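Read the structure below first, then the notes.
What follows is calculated from the coordinates using simple rules that are stated; it is not laboratory data. Everything numeric in this text was worked out from a predicted model, so none of it was measured. Quick reminder, even Gly has a Cβ in these numbers, built from the backbone with ideal geometry, and neighbours come from all protein chains shown.
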Amino acid sequence: MWLDTVVTQMLSDILKMGDWVDDAECRGHPLEWWFPLEFNKQSSNIKTAKMICGRCKVRDQCLEYAMSYPQGYLILPGIWGGMTEAQRRQLHSDRYWADVDAKKLSETIPHGTRNGYLQERSRGLDHCAECLEANSAKSRANRSNP
Ligand code: SF4
Ligand SMILES: [Zn+2]
């Protein structure tokens, strides 16, 4: 059954979390502080859990474990690395767009084209003569073909 497979996979992944769990600050505290049944941001349990995460020395490993699980498309419930599901969802999105921006910046500017001109402008660069000319030519063409 599908759910059995998912649950088995989750359990096996959680068992493979790594040695860092030995240093988890949450060990010995009630599990429901990190996995509240009724998720409510105002809950004092969540605040307590986040406070404990704040002083946990394996916080980064914990957060990255949750962020990578499984390959990032399923958000693990509860608090991991001091972050709620919603916060980790936002972090996924922020990281995704940061990657897109970094990729754009590493692309070569197609000089001598209008696209090159636009890219130079959006990156705050000086225009090269070829891009200036390509942009003017495009504007002239647009004016003559209304
Ligand atoms: S960051 Fe929080 S949830 Fe993660 S191991 Fe530490 S105390 Fe536990
Ligand atoms: Zn150029």
Figure the gain on full extension for Leu118 and Lys16 (residue separation times 0.36 nm, minus the Cα-Cα span) and round it to one decimal in nm.
-> 31.9 nm
Rounded, prolate or oblate: which fits the range 57-146 when a ≥ b ≥ c are the square roots of the eigenvalues of the alpha-carbon gyration tensor, with rounded for a/c under 1.5 and prolate only if a/b beats b/c?
-> prolate
Multiply the residue separation of Asp23 and Leu125 by 0.36 nm, subtract the distance between their alpha-carbon atoms, and state the gained length in nm to one decimal.
-> 31.9 nm
Could you name the aspartates and glutamates in cross-link range of Lys47, using Cα to Cα under 17 Å and dropping any fewer than eight places away on the same chain?
-> Glu25, Glu32, Glu38, Glu85
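Suppose R0 equals 25 Å; then what is the FRET efficiency for Gln90 and Met51 from their Cβ-Cβ distance, rounded to the nearest 0.05?
Efficiency computed from Cβ-Cβ geometry: 0.75.
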So which aspartates and glutamates pass the test for Lys138, namely a Cα distance under 13 Å, with those fewer than 8 places away in the same chain ruled out?
-> Glu130
Which ³J(HN,Hα) values, rounded to whole Hz and listed in residue order, are derived for the range 95-103 from phi using the Karplus coefficients 6.51, -1.76 and 1.60 in 6.51 cos²θ - 1.76 cosθ + 1.60 with θ = phi - 60°, glycine and proline given as x?
-> 5, 4, 5, 5, 5, 4, 4, 5, 5
Mean Cβ count within 10 Å, highest first, over the residues of peptides 125-137, 91-103 | 125-137, 91-103
